[in-house]
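In what follows, a structure is listed as C-alpha cells, so that the remarks can point back to it.
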Amino acid sequence: MLQSMRRRYRTAEYVQRIERIRERMPLASIGVDVITGFHGETDEHFKETQDFLMGLPISYLHVFTYSERAKTTALRLENVVPVALRKERTRQLRMLSLKKQRAHYEQFTGLNRPVLFEESTEDELRFGFTPEYVRVAIDSKAVQANTIQTVQLTDIKAAGYILGQKLSLTSFSI
C-alpha cells in the first residue's frame, strides 16, 4: 500500500526509526499518521496494517479516511474502497489509538512532571502538556494559564488525559 500511495519508505525502516527513538527517549510520545481506504486496500491489506500498528511501540495514531481529490493520479486508479468501509476501518484504528494512548499514559501515572498549562474548560479544568506531549488536566483554580507547574500525574481519564495534582509552589510564566 505504501508504494501505491507513492511513499518512499517501507515498514522495516519505520520500525527501525521508532526503535531508535525509544532507545534514546523511552517516554517519548510517538504519533503515526494513517490513511484508511486508499484505492486497492483489501481486507487483507487493512488487517496487515492493523497488526503492524498493534505491534509498534507507539503512543497514538492520527487516523484519516481517504477522500478523493480533484486532479490527482489516485482518481484514475481502480478498486475504489466503498466510503462506508473506509469509515469503519477508520473507526477501528481510532479505537486502537485509544488503547495505545492509554498504555502510553500508564507509564506516567504516579510520576511528577512539568506541565505547560494552557486553556480552561467549562467544567473548571485547565489543560496542558508535559514535555512528552501527555495531556494533563488540573483544577483550574490551582494554576494559571501560560505557566509551567510541577504536577503529580494521578489518574487516566477515558477522555484522553491524565488528572494531576500541583506539587510545587514555584511556577514559570511564559
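Structure data summary
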| read-out | value |
| --- | --- |
| Per-peptide average of other Cβ atoms within 10 Å, ordering 78-90, 144-156 highest first | 144-156, 78-90 |
| Tensor-based shape of region 11-106 (alpha-carbon gyration tensor, a/c under 1.5 rounded, otherwise prolate or oblate) | prolate |
| Sequence-distant residues sharing a close amide H with T154 (under 5 Å, placed H) | G110, L163, G164, Q165 |
| Residue order, fewest to most surrounding Cβ atoms within 10 angstrom, among F108, F127, F52 | F52, F127, F108 |
| Ascending count of other beta-carbon atoms within 10 Å, so fewest first, for H45, H39 | H45, H39 |
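A short reminder: the numbers here are calculations on the coordinates, not readings from a lab. Small disclaimer: the values here were computed from a predicted structure and weren't measured. All Cβ positions, glycine included, derive from the backbone under ideal geometry; neighbour counts span all protein chains shown.
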